[in-house]
């Protein structure tokens, strides 16, 4: 049909029914209501009948002449609901001529009242005043009559008779509705399958939703007073849908019927000068020849044999075609359909419209009805609905299943001959992946299970993934991000690229934890076909089929489910194996292989870590060592005893530029695992070694605290695990390269009890009970059976120190922690993990702000009552807000009352007694700081800037500040001590001495003439026998010149003795500030030797 033509014939067959029922009506010219319309006419000439399929008015004239009726919608409300549309019937049962002819016309209702409008229209029609009417008439001359049509402001036009003269009897049924912008459209057909279509493309003659009035007129002779029938039923616009699609670009339109699938009868309009022919698609070679029916636009075509399922025949005349096909969905097999493209996240719309979709290829030779296919997704089954009339899904045509097909239509659709289909009730695809299937009934025809990883490093939003080989299997190696961004309905460029390695097959073999052999082929094998395998070894022969196992990333692993003994060579042989990516290519396997077992937890230890990128090679790595005496398997490679596996973001060749060839030779038997995304956190973190089954076999909690000094944390040097006299600990690598990846030390021991704490400490780490035993404790007591409940312990590193972790924690059984059955000191406190009493507090007793080189600051606190750090937070921020406070540490620690607890970010970096410190997140103490230690209901503050160093210390580096004599006064720790973390300072004991054997000096620091500190020291000695007599000699010597006595005193004593020294010499002068040794020497009458006892005294400048 050419554009802008008003009339064309198009083929279809449609029968409408009528629901109203009324009896015959006769009468004078008057108004009556029938079928929702008010009619005006001469009822002596017209009779209402409902005997026909469509009830209406039948002419029953009493006399020849012109007989007319007009009707309008019965009421305004009815007109509002019906609008300008309806169903109609026009039957002329007599031969037309100049005196026997009929016509119908329509016009917009002229008056508000429908009865008055119908009467006026009849009168105006008889007077010839209906210039604004539109209509059509037939049978005007009686010889090859055309169909005459007219419309306002236009000359009448005609539809010429082709294979039918409009003067012959006819019976048309059809519909009338308003198209776009008020243009009316008529479509009709007759009992001979001839069709009529009329489109007003030039005039908008009727207002939208305006009431429409219709009229019928017959001119008849005495011999033809009956045989004329007219029907009109107003209807809402949505029910008057086009029963024929408007075709504007084709030269012809078709109407066809099939007689028992054996004969095709065809008509075309207008007639074509070209001879018709038939194309046949299918396995039957015979092609029928159309035969003319005697009319130049009608043919019939025998189909012999009848058209089989899934086959297609096309009738061609000129540039026009008519398709005849039978649904072949019942012939589809598992490999006949293929998902070829997936758009999971359409936002933003970059190339394709903003709609998720699946593209499916019909790879079968059959023509398919798309409505016979179902989409199964997330447990729901959805029907397919083509956007246009049902058209065949042709072989090798692509169908796009969209959740929002309107988005495609709004963007102009797509090319390449693809078919757009709506999936009813489908919410679309998930970004992170899912499994979807195509089904026919309960039979699954095609399945794809995609994953977010299929987009690799590409942006997922707005970009699809496409398959490279549609005939191949659904493996991650067959799917890639679409190189065009998206190509819905069209083949992707990927399909033009032949996959690599089709004529070779590399297979990685490995032994899984169950002792079965797993095969990882590349290119992948086709899991849709069975794979037979035979295995022979020294002890026998086995054969069977491999089981395929789909991995999480949609790759396929093959398993031979027969237990294999590690270490013994076996021969594996297979028959031809079809390739997943290379159709018609088969691989074969024939190899001898020595299987090794996989590592187990506890057999692999991390022995070197470089968490900061090396400044030259920009690499990070973790080195793992096989601590067993067995050769293990790792990703198909042999991992020999005592040798290393290096995980890094760089290949070993990059390290060679820095480490040299000597290192490369030594590396030969070590493994290297490259991961471009491998990245460690500089200050600390956790790394797990994951095996092929996604199970962790080893874990390392690394920290910058593993360096020997803080200064090395950012130096580009690695941390190595070594053994020394204190146990297995971390050190900075001090060789000339600053690292030694792959050159692992093979004598690493396991963590032991002599690496414990100064005292047993309990805590909670990573929601598991944490335990640091005292140094030298019996490791046998860690056995799980010595605990209630039974508890297994494993060593881990936390901020550079070894900690024992239980295999359960408070969330598993929050009532109480593990209880030791032999050693009560090891049992966990009942209150650990619970908030402490609000009135409980802690006291700062010592802190170090300026550590010596290669050391770190610390803070020491003493708890007033037993409590934990569960709700303690701290900060040194000035004018701190609640958000500035951070937990004391990642772990929660128990603090018994009266026990000094040292807290440091890296306990190993504390200069003195690092074994007395616990790991914590210590805020910065540099500058004018106020350390706030807070919990609900209580806050303790330490004004760092207000504490004054003692005058005897000229350089405060490495000297801590300690609380003196319960006076809330701070002074520097004596120079010879530097700091005393985790120890009870004797100066906290006060002036009162309890009765104890031996020598006691209180205080141990004096400042002559001081108003705040004591300016004397009291030395007291007590014997075992309170009644014995002794000669006691007191003496004071300088620490750096112990041969010179600066002061002395001699007297007799009974049971005990005391002496006060005020820091003066024999002459009464003050001695220089510094450290002095005060000694008590005593001898009784029965004693042969003199006994001595000493204490250290510090004299501060006055």
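The values are calculated or read from the model by the stated rules, or taken from the named source; none is laboratory data. None of these values were measured; they are calculated from a predicted model. In this analysis, Cβ positions are derived from the backbone assuming ideal geometry, glycine residues included, and neighbour counts consider all displayed protein chains.
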Q) Which condition number does residue 1006 fail, the rest of (1) at pLDDT 80 or above; (2) under 23 Å from residue 845 (Cβ atoms); (3) surrounded by fewer than 19 Cβ atoms within 10 Å (Cβ to Cβ) being met? A) (3)
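How many residues are assigned to a loop (DSSP other than H, G, I, E, B) and farther than 30 Å from residue 702 by Cβ if we restrict to the range 815-828? Spell out how you get there, then give the answer.
Pass one, the range 815-828, residues assigned to a loop (DSSP other than H, G, I, E, B): 815-818, 821-823, 827-828.
If we keep only those that are farther than 30 Å from residue 702 by Cβ as well, we get 815-816, 821-823, 827.
Residues in the range 815-828 being assigned to a loop (DSSP other than H, G, I, E, B) and farther than 30 Å from residue 702 by Cβ: 6 in total.
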Q. Within the range 664-694, which residues are closer than 22 Å to residue 613 by Cα, out of contact with any helix residue (DSSP H, G or I) (no Cβ under 6 Å at 6 or more places or on another chain) and modelled with pLDDT under 80?
A. 667
Q: Name, by its number, the condition in (1) in contact with a strand residue (DSSP E or B) (Cβ under 9 Å, 6 or more places away or on another chain); (2) crowded, with 16+ Cβ neighbours inside 10 Å; (3) free of Cβ contacts under 8 Å to residues at least 60 places away in the same chain; (4) over 23 Å from residue 799 (Cα atoms) that does not hold for residue 678.
A: (4)
Q. Which pairs do you get when a residue that is at positive phi, found in the range 813-828, comes within reach of a residue that is assigned to a helix (DSSP H, G or I) and buried (at least 16 other Cβ atoms within 10 Å of the Cβ), reach meaning Cβ atoms under 7 angstrom, with the pair 6+ apart or on two chains?
A. none
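Please report, ordered by residue number, the strands (runs of 3 or more DSSP E) entirely within the range 448-528 with at least 1 residues that are closer than 30 Å to residue 413 by Cβ. Break it down into steps so the answer makes sense when it comes.
Details: elements: 465-467, 479-481, 506-511, 517-522.
Filter on the range 448-528 gives 465-467, 479-481.
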Q) Which condition breaks for residue 776 when tested against (1) assigned to a strand (DSSP E or B); (2) on the phi > 0 side of the Ramachandran plot? A) (1)
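Any idea which of 571, 550, 600 is in contact with a strand residue (DSSP E or B) (Cβ under 8 Å, 6 or more places away or on another chain), surrounded by fewer than 18 Cβ atoms within 10 Å (Cβ to Cβ) and closer than 30 Å to residue 701 by Cα?
Numbers: 571 fails: closer than 30 Å to residue 701 by Cα; 550 fails: closer than 30 Å to residue 701 by Cα.
Testing whether each residue is in contact with a strand residue (DSSP E or B) (Cβ under 8 Å, 6 or more places away or on another chain), surrounded by fewer than 18 Cβ atoms within 10 Å (Cβ to Cβ) and closer than 30 Å to residue 701 by Cα leaves just 600.
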Q) Being closer than 28 Å to residue 595 by Cβ, surrounded by fewer than 21 Cβ atoms within 10 Å (Cβ to Cβ), out of contact with any helix residue (DSSP H, G or I) (no Cβ under 8 Å at 6 or more places or on another chain) and without any contact (Cβ under 8 Å) to a residue 24 or more places away in the chain, is that true of even one residue in the range 610-628? A) no
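Residue-wise test of (1) outside any helix (DSSP H, G or I); (2) modelled with pLDDT of 90 or more; (3) in the same structural domain as residue 912 (by TED's automatic domain parsing); (4) in contact with a helix residue (DSSP H, G or I) (Cβ under 8 Å, 6 or more places away or on another chain).
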residue	(1), (2), (3), (4)
836	yes, no, no, no
855	yes, yes, yes, yes
859	yes, yes, yes, no
871	yes, no, yes, no
878	yes, no, yes, no
883	no, no, yes, no
Q) Among the numbered criteria (1) surrounded by fewer than 19 Cβ atoms within 10 Å (Cβ to Cβ); (2) under 24 Å from the mean Cα position of the chain (by Cα); (3) over 21 Å from residue 578 (Cα atoms), which single criterion is violated by residue 482? A) (1)
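Among 778, 723, 785, which is the only one that is at pLDDT 85 or above, out of contact with any strand residue (DSSP E or B) (no Cβ under 6 Å at 6 or more places or on another chain) and more than 21 Å from residue 890 (Cβ to Cβ)?
Details: 778 fails: at pLDDT 85 or above; 723 fails: at pLDDT 85 or above.
Every option except 785 fails the conditions.
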Q: For the range 1071-1085, state whether one or more residues are surrounded by fewer than 12 Cβ atoms within 10 Å (Cβ to Cβ) and either under 19 Å from residue 1001 (Cβ atoms) or without any contact (Cβ under 8 Å) to a residue 24 or more places away in the chain (or both).
A: no
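Condition check ((1) over 17 Å from residue 1101 (Cα atoms); (2) at pLDDT 90 or above) across all residues:
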position	(1), (2)
1048	yes, yes
1052	yes, no
1055	yes, no
1061	no, yes
1064	no, no
1069	no, no
1072	no, no
1080	yes, yes
1087	yes, no
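Residues in the range 116-139: is at least one assigned to a loop (DSSP other than H, G, I, E, B) and surrounded by 23 or more Cβ atoms within 10 Å (Cβ to Cβ)?
yes
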Q. Quick one: how many residues across the range 142-156 are at pLDDT 75 or above and either surrounded by 14 or more Cβ atoms within 10 Å (Cβ to Cβ) or not assigned by TED's automatic domain parsing to the domain that holds residue 188 (or both)?
A. 6
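Restricting the search to the range 328-372, which residues are part of a helix (DSSP H, G or I) and touching a residue at least 24 places away in the same chain (Cβ under 8 Å)?
As a first pass, look at the range 328-372 and keep what is part of a helix (DSSP H, G or I): 329-331, 370-372.
Within the range 328-372, 329, 330, 331, 370, 372 meet the criteria.
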Q) Just one of the numbered conditions (1) under 24 Å from residue 442 (Cα atoms); (2) modelled with pLDDT of 90 or more; (3) out of contact with any strand residue (DSSP E or B) (no Cβ under 6 Å at 6 or more places or on another chain) is not true of residue 346; which one? A) (1)
Q: From 954, 1011, grab the single residue that is at pLDDT below 65, in the same structural domain as residue 863 (by TED's automatic domain parsing), part of a loop (DSSP other than H, G, I, E, B) and surrounded by fewer than 16 Cβ atoms within 10 Å (Cβ to Cβ).
A: 954
